[in-house]
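The next block holds one structure in the form of structure tokens; read it before the comments.
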Amino acid sequence: MASLVEEARAELRVSVEVDSAGTGGYHNGSGPDPRSAAEARKHGIDITGQKSRQVHAGDFIYFDMLIAMDESNLTNLIDAAPTEEAAAKVRRLREFDLEADGDLDVPDPYYEDGFDGVFAMVERSCVELLRRIESGTV
């Protein structure tokens, strides 16, 4: 069972590379939370091989866009950007959520046990982001 994101990515006519990193190094080298891995598995996605890492200055050079999950991460990324041009690459994921209700933060499911709702929110946002990448409107 392919996720909506995988289906959207498969239809892209452009190459997209995705990586994940945090603004803090609290869990460097750790795997995903088992609840997160279980939710991803329900949607046919295996994230068990992922290892946590912290964003570094090279990410601002290598990637065209850095996506923040919430206001705190957005601020941390902008502050860490080595140049204004690099800071301009930072966006919030829910800017691409067509169902966003004004609150652009992705809630942290670790404290609220809302992995299913967060997965749906992230998936919606990612599908729209991929559509905009394909159309050249980001």
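Considering only trypsin sites (Lys or Arg not before Pro) in DSSP loops that have at most 11 other Cβ atoms within 10 Å, the longest stretch of the chain without any of them is 52-138. Peptides 58-64, 77-83, ordered by how many other C-beta atoms sit within 10 Å of their residues on average, highest first, read 77-83, 58-64. Here the label points at E99 and N28, each 7 Å from Cα along the C-beta direction, are separated by 3.7 nm in the simple model.
Note on the chain: helix-only mean residue ellipticity at 222 nm, from DSSP H runs of 4+ residues weighted -39500 (n - 2.57) and normalised by residue number, equals -12500 deg cm²/dmol. With r defined as the distance between the Cβ atoms of S72 and L12 and R0 fixed at 25 Å, what FRET efficiency is calculated, to the nearest 0.05? Computed FRET efficiency for S72 and L12 comes out at 0.25.
Can you give the extra length, in nm with one decimal, that the chain gains between E85 and Y110 once fully stretched, where that is 0.36 nm per residue apart less the Cα-Cα distance?
Working: separation 25, 0.36 × 25 = 9.00 nm, distance 3.29 nm.
Result for the pair: 5.7 nm of gain on full extension.
What's the long-distance tail for segment 4-135, i.e. % of Cα pairs beyond 17 Å? That tail contains 63 percent of the Cα-Cα pairs. State, to one decimal in nm, how far the label point of A120 lies from the label point of S52, with both points 7 Å from Cα in the Cβ direction. That separation, rounded to one decimal, is 2.7 nm.
Averaging Cα coordinates gives a centre for segment 89-138 and one for segment 1-70; these two points are 13 Å apart.
Computed about its Cα centre, the charge dipole of segment 11-63 is approximately 140 debye, with only Lys, Arg, Asp and Glu carrying charge at their Cβ. Applying both filters, DSSP loop and at most 16 other Cβ atoms within 10 Å, to the GluC sites (Glu not before Pro) of segment 37-138 gives E99. Considering every alpha-carbon pair of segment 54-108, the percent of pairs per 5 Å bin, from zero through the bin containing the longest distance, is 4, 21, 30, 21, 14, 8, 2.
Quick note: the coordinates plus some simple rules give every number you see, no bench work behind them. All values reported here derive from a predicted model rather than from experimental measurement. Here Cβ is always computed from backbone atoms with ideal geometry, including for glycine, and neighbour counts include all displayed protein chains.
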